[in-house]
1. Of all residues in segment 90-108, count the ones that are out of contact with any helix residue (DSSP H, G or I) (no Cβ under 8 Å at 6 or more places or on another chain) and surrounded by 20 or more Cβ atoms within 10 Å (Cβ to Cβ).
2. Is segment 90-108 home to any residue that is of a type outside the set (Asp, Glu), on the phi > 0 side of the Ramachandran plot, in a loop (DSSP other than H, G, I, E, B) and in contact (Cβ under 8 Å) with a residue 12 or more places away in the chain?
3. Within segment 65-90, work out how many residues are within 16 Å of Phe37 (Cα to Cα) and among the aromatic types (Phe, Trp, Tyr).
4. Looking at segment 23-56 only, could you name the residues that are of a type in the set (Asp, Glu) and exposed (fewer than 14 other Cβ atoms within 10 Å of the Cβ)?
5. Please determine, by comparing only the residues of segment 63-86 that are of a type in the set (A, V, I, L, M) and buried (at least 18 other Cβ atoms within 10 Å of the Cβ), which one is farthest from Glu100 (Cα to Cα).
6. Please find, among Arg17, Arg62, Arg23, Arg77, the residue that is basic (Lys, Arg) and more than 11 Å from the chain's Cα centre (by Cα).
7. How about segment 91-108: which of its residues are polar (S, T, N, Q) and either within 16 Å of Glu39 (Cβ to Cβ) or over 13 Å from the mean Cα position of the chain (by Cα) (or both)?
Amino acid sequence: MRLQRRILRNVTAEARRTLAIIRQCIEMDRYALTAHFSERMVQRGLFWSDVQLVIDEPQEVRSQGMDTYYRPKWIIRGEAATGDEIEIVCAVEIDETETEFITLYWDD
């Protein structure tokens, strides 16, 4: 059963397309977590389900240029199950076959 996702407003077509790619990578188990991302999850008491919730129901998706490997880097902001606003930073491989989750932080 597929979740009905919230309609994003004020988001570029490129951001919508990238979000769809990230979701597809997760659904197909084609993603990686950096050690830093995993450490941040533990430090903040978050679980993978919190990350999935933000990706399924983001409040904002925006480009952050390129990462050090020249991959498009994106920030996805939303509310975790704890009620806290978090921002997830990820990079999408150039061929769009994988997403790497780089870090996450509280949205202050």
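Throughout, read-outs are computed from the coordinates displayed, never taken from laboratory work. Please read all numbers here as calculations on a predicted model, not as lab measurements. Glycine also receives a Cβ, built like all others from the backbone with ideal geometry; neighbour counts cover every protein chain displayed.
1. Of the residues in that region, 1 qualify.
2. No - not one qualifying residue is present in segment 90-108.
3. Matching residues across segment 65-90 total 1.
4. Glu27, Asp29, Glu39
5. Only one residue tops the list, namely Ala80.
6. Arg17
7. Hits for segment 91-108 are Thr97, Thr103.
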